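Each value in this text was obtained by applying a stated rule to the coordinates, not by laboratory testing. The structure presented is a predicted model; accordingly, all values stated were derived computationally and were not measured. Ideal geometry is used to build each Cβ from the backbone, glycine not excepted, and the neighbour counts take in all protein chains shown.
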Amino acid sequence: MFEYAPAPESRDIVDIRPSYGLFINGEWVEPQGEGRHKTVNPATEEVLAEVAWAGEADVDRAVQAAAKAFPVWSAMPGAERAKYLFRIARIIQERARELAVLETLDNGKPIRESRDVDLPLVAAHFFYYAGWADKLAHAGFGPDPRPLGVAGQVIPWNFPLLMLAWKIAPALACGNTVVLKPAETTPLTALAFADICRQADLPPGVVNIVTGAGETGAALVNHPGVDKVAFTGSTEVGRLIARSLAGTRKKLTLELGGKAANIVFEDAPLDQAVEGIVNGIFFNQGHVCCAGSRLLVQESIAADLLEALKRRLGTLRLGDPLDKNTDIGAINSAEQLAKIRELSEAGEAEGAERWSPACPIPERGYWFPPTVFTGVAQSHRIAREEIFGPVLSVLTFRTPAEAVEKANNTPYGLSAGVWTEKGSRMLWMASRLRAGVVWSNTFNRFDPASPFGGYKESGYGREGGRHGLEAYLAV
Ligand code: NDP
């Protein structure tokens, strides 16, 4: 293997302010309380900016602004709303490089991913839902589907701007107004999006962004003026929200955790499967709710596949996320790193065999090497719990029925992958796997036209595609 010279993307293109307020009613406003938190670059631990901490009074102000904007926005003809969404999509494309660098600085993900995956998908979501705004009467939800009102949206830190797009684009297309809370550790691209709303001349109050931590999210979802709640995050918080909303009139969609099986049959093209396994669990450092964190490999090819996988993992580059050659970036926070370490240690303690390629770790920042566990039993914590990091658990199977049994042996049901040459086997498997998305001979593919969502403890409701409109319409 030859070495690459460093190829860092310049950060000069982004202009990070030292301190940010809240974006309410089309204006930057200061929070009523004194609270602020710092957001850091997880690759260097450098403080990037100070961000306001919205309290209940601030959330109330944002919800009221959204409620005031709703009659105007919802009464606007769909074709007019579409113009704003198309404009936002085009501005995102124009500012894509800046937003990709900002996302990488705040989140730690490799620039190659924020530039080539996140940002194109963000723009595609706005383009896609812009196209629906004037066709809602033909979407299969009756001749005159109505928006719900104010949507309270809470998103996580793993795909900050992409999760914002998944939430805001369909909500606005359907005529709702929104208050969105980004995650505490990754607020910067949502705040940049606030500027994009101003640049697009979006009417004041249609989009409001309130920053803060869990309490801010709780204040938002529990606010009586919110008509619809959309949440992506952990199953634990999803449960809390479901409990607190039970019995209210609020409509709720939950996109929660996962423990996906990536299933490789002996007839699969091995080299392609190795790439799919790597993409499945090491993309975005494994901070992916639908990550293929359990590899189920047919016993007859397990040794060959593992050898090829380990060889491939030896070529992954971990380091500076702004370097265009980097494959594995930083772990998003010290808390997440501690969680990954704790579960990996539990894996060893329970008897699984741990392996990582030789891989220098930078001195500052939060890092975890790509890790593979073999000899994993279904009862091990690393086979049951969502690790949300670059850690793969390998199990084997002999028959398709056994593969289905093991794949479904989880409280989650978000995604699965099937690698086989036979179309009939793929369909046989797909009809038996309890997972919202089943990929065949690929993994972690996203498209705005395709619905995404879970079964069981992975949540309910669908985002994306025509189905994603339903969550924002009174149907
Ligand atoms: P959380 O579920 O805690 O966070 C998701 C979002 O919800 C954040 O914006 C968070 O705010 C907010 N939030 C936290 N508590 C509440 C509440 N009571 N009411 C309303 N909103 C709330 O996930 P974490 O970031 O803590 O990650 C923990 C674990 O969750 C990860 O290790 C991973 O396993 C899983 N996870 C799954 C994701 C998925 O896509 N399925 C995404 C992210 C995490 P804030 O972050 O500011 O505290």
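The length gained by stretching the chain between residue 377 and residue 267 to full extension, at 0.36 nm per residue less their Cα-Cα distance, is 37.2 nm.
This ranking places 109, 38, 310 by how few other beta-carbon atoms lie within 10 Å of each, fewest first, which gives 38, 310, 109. Checking every one of the trypsin sites (Lys or Arg not before Pro) in region 326-370 against DSSP loop status and a limit of 13 other Cβ atoms within 10 Å picks out 364. Placing +1 on the Cβ of every Lys and Arg and -1 on the Cβ of every Asp and Glu, with no other charges, gives the chain a dipole of roughly 1380 debye about its Cα centre. Here the relative contact order of the chain, from alpha carbon pairs under 8 Å that lie six or more residues apart, stands at 18 percent.
For region 412-475, the square roots a ≥ b ≥ c of the C-alpha gyration tensor eigenvalues yield an a/c of 1.5 or more together with a/b exceeding b/c, which makes the shape prolate.
Using a Förster distance of 35 angstrom, determine the FRET efficiency expected from the C-beta separation of residue 299 and residue 455, and round it to 0.05. Between residue 299 and residue 455 the formula returns 0.80. At full extension, residue 215 and residue 80 could sit 45.0 nm farther apart than now, given 0.36 nm per residue minus the alpha carbon distance. For residue 445 and residue 144, the difference between the fully extended length at 0.36 nm per residue and the C-alpha to C-alpha distance is 105.1 nm. Rounded to the nearest 0.05, the FRET efficiency derived from the C-beta distance between residue 349 and residue 427 at R0 = 51 Å is 0.80.
Taking a ≥ b ≥ c as the square roots of the Cα gyration tensor eigenvalues, region 146-235 comes out oblate, since a/c reaches at least 1.5 and a/b does not exceed b/c. Once backbone amide H atoms are built at 1.01 Å from N, residue 33 has 55 as its partners under 5 Å, excluding neighbours fewer than 5 places away on the same chain. Sequence-ordered 3J(HN,Hα) estimates for region 146-161 from the Karplus curve with 6.51, -1.76 and 1.60 and θ = phi - 60° stand at 9, x, 8, x, 8, 9, x, 10, 10, 10, x, 9, 7, 9, x, 6 Hz, glycine and proline given as x. Counting other Cβ atoms within 10 Å as a rough exposure proxy, the listed residues 144, 227 run 144, 227 from fewest neighbours to most. With a simple spin-label model that places each label point 7 Å from the Cα along the Cα-to-Cβ direction, the separation between residue 32 and residue 10 comes to 4.5 nm.
Its DSSP H runs of at least 4 residues, each contributing -39,500 (n - 2.57), put the calculated 222 nm mean residue ellipticity of the chain at -11500 deg cm²/dmol, to the nearest 500.
Could you tell me the distance between the Cα centroids of region 345-401 and region 428-475, to the nearest Å? About 26 Å separates the Cα centre of region 345-401 from the one of region 428-475. Each of 289, 359 was scored by other Cβ atoms within 10 Å of its Cβ. Listed from fewest to most, they are 359, 289. Among rounded, prolate and oblate, which fits the chain when a ≥ b ≥ c are the square roots of the eigenvalues of its C-alpha gyration tensor, a/c under 1.5 means rounded, and a/b larger than b/c means prolate? Prolate, since a/c reaches 1.5 and a/b exceeds b/c. With the charge dipole of the chain set up from +1 on Lys and Arg Cβ and -1 on Asp and Glu Cβ about the Cα centre, the Cα lying farthest toward the positive end among the listed residues 284, 437, 121 is that of 437.
Would you mind checking region 310-331 for residues with the amide N under 18 Å from a putative spin-label position 7 Å along Cα→C-beta of residue 358? Residues 310-319 qualify, since their backbone N sits under 18 Å from the label point. For region 66-121, relative contact order (Cα pairs under 8 Å, six or more residues apart, normalised by length) works out to 27 percent.
Separation of region 1-57 and region 244-271, taken as the distance between their Cα centroids, equals 30 angstrom. Here is the list for region 397-447: GluC sites (Glu not before Pro) lying in DSSP coil, each with at most 12 other C-beta atoms within 10 angstrom of its C-beta, are 421. Taking one quarter of the surface of the C-alpha convex hull of region 1-146 gives a mean projected area of 12.7 nm².
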